[in-house]
Amino acid sequence: MVTPNPAGALDAACFWLDDPDHRAFLIADARRQLGFFSASLGKGPGFHILDAAGQPLPDNTQELHTTTRMVHSYGLAHICGYAGADRIIDHGIAYLNGHHRDRVHGGYLWAMKGDKVADDRKLAYGHVFVLLAASTAKLAGHPGADALLSDVAEVLDHRFWEPQAQRFADEWNRDWTPFSSYRGMNANMHGVEALLTAYEATGESMFLERAGHILAFFVGDIAGQDGWRLPEHYTEEWQIDRAYAGDPMFRPAGTTPGHSFEMGRLLLQHWDLAGRQDPGVPCRARKLIERALADAWLPDGGFAYTLDFEGKVAMTNRFWWPVTEAIGAVAALIRLDARAEDELWYRRLWSFAQAHFIDEERGGWYPEIDQAGQVTQTIFTGKPDIYHALQACLLPMGALQLGHVSGLKQLSKPLMS
């Protein structure tokens, strides 16, 4: 069990973040995940995508965000002292350089199938994850990280960053000709994540400043005027596109509350790295996070995947990743301003995750549950990746609990033991 009394009466002297039994649970689950996903490393190029039992799936298509998230996740593990993480980092960086990297036009191809190109688009979403992977690898001391970081930073600067808007454009053809005018929040949100990690890795103020510009737009200009919700889709002029309804999984209509959890935590992380100068930031982060909690938590538990612009439930699919992101966001709120209602949410989230998503026997988290709370596979096959769930275990124990990668070094002894 996680610890007794998941959502009952609170002992004001004991928050789970400081409870030895809960911290031991977090470390144990992180180790189970790392052990499970180590089977992704095969003899050939790229990584295997695993089924629920940890066996490779037949389709070996490797999308850029999957490659990079493996490098990032095992980079975090290496920083924490997890033995064998360097093999995953080595393999992932070699695949990024030797396969995803476009030696003709520059940049990084979205999807490979072994040695062959499966999808040659150039997406900001994928490129910011390359920056994240390179930055975490640098913090982990990998010798190939500097070259990768320098290359992708230049591509992001010259091909995706829009100086007037101070945000990332989304997508290009392989030869950098445009194929859409779409602009989106998701790539920019993960851009903030990558930029903050790059700032930690290099100390270059440009990364911190650009993350601040993105946050100012989406949190200050958009969420602050839209009921503290975050519309996903925008026109080329960066006006909210309320009629947009793209891919129902990866570009769904309306708002995605799981992204509000991520953006709220990243806002706090930027604020902390920038010296905590604006006293209003914790309040704005809390509004984002609390709005998503209130809007999206379903009567039987778990979060609705999407909402309309007034906060009404649109898609009721219950995925693992919004729960993991809510855990990280609520943990950050507790560390800054410990409130009983935050602690109740933190316990509720972990208790629900343990009851429905966490595979304690084999490791990893199941990606989706049905209306009866049973594991199902309507969108994802197997266990898609380690990234979200690993961070749910590590973020509550990092430096200042706000997501600083460098702070995870304090966990080296627990993860090694």
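Assess whether Y305 counts as being touching a residue at least 60 places away in the same chain (Cβ under 8 Å) and of a type in the set (F, W, Y). Don't jump to the end; show me each part of the working.
Details: touching a residue at least 60 places away in the same chain (Cβ under 8 Å): no; of a type in the set (F, W, Y): yes.
For Y305, the condition - touching a residue at least 60 places away in the same chain (Cβ under 8 Å) and of a type in the set (F, W, Y) - is not met.
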Inset, instruction - Take the residues in region 77-110 that are touching a Lys or Arg at 6+ places or on another chain (Cβ under 8 Å) and not in a loop (DSSP other than H, G, I, E, B), then tell me which one is nearest to L148 (Cα to Cα). - result: Y108
Legend entry - Scope region 245-261; condition part of a helix (DSSP H, G or I) and touching a Pro at 6+ places or on another chain (Cβ under 9 Å); matching residues: P257, G258, H259, F261
Inset, instruction - Please verify whether region 344-358 includes one or more residues that are under 17 Å from I79 (Cβ atoms), under 20 Å from the mean Cα position of the chain (by Cα) and of a type outside the set (D, E, K, R). - result: no
Inset, instruction - Could you pull out every one of the helices (runs of 4 or more DSSP H) wholly within region 116-206 that has 2 or more residues that are free of Cβ contacts under 8 Å to residues at least 12 places away in the same chain and surrounded by fewer than 16 Cβ atoms within 10 Å (Cβ to Cβ)? - result: 145-155
Inset, instruction - Would you check if A292 is within 29 Å of D337 (Cα to Cα) and touching a residue at least 12 places away in the same chain (Cβ under 8 Å)? - result: yes
Legend entry - Hits in region 277-324 (condition: farther than 26 Å from I379 by Cα and acidic (D, E)): D278, E290
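Conditions (1) part of a helix (DSSP H, G or I); (2) surrounded by fewer than 22 Cβ atoms within 10 Å (Cβ to Cβ), marked per residue:
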residue	(1), (2)
A332	yes, no
A338	no, yes
E341	yes, yes
R348	yes, yes
F352	yes, no
T378	no, yes
L408	yes, no
Legend entry - Residues of region 75-115 satisfying the condition of being surrounded by 21 or more Cβ atoms within 10 Å (Cβ to Cβ), in contact (Cβ under 8 Å) with a residue 60 or more places away in the chain and under 14 Å from F47 (Cα atoms): M112
Legend entry - Matching residues in region 312-344 - criterion: being within 17 Å of G254 (Cβ to Cβ) and in contact with a strand residue (DSSP E or B) (Cβ under 8 Å, 6 or more places away or on another chain): V313, A314, M315, N317, R318, F319, P322
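Just so you know, all these numbers are worked out from the coordinates, no wet-lab data involved. Here the structure is a predicted model, which is why all the values come from computation and not from measurement. FYI the Cβ positions are ideal-geometry reconstructions off the backbone, even for glycines, and counts take in every protein chain you see.
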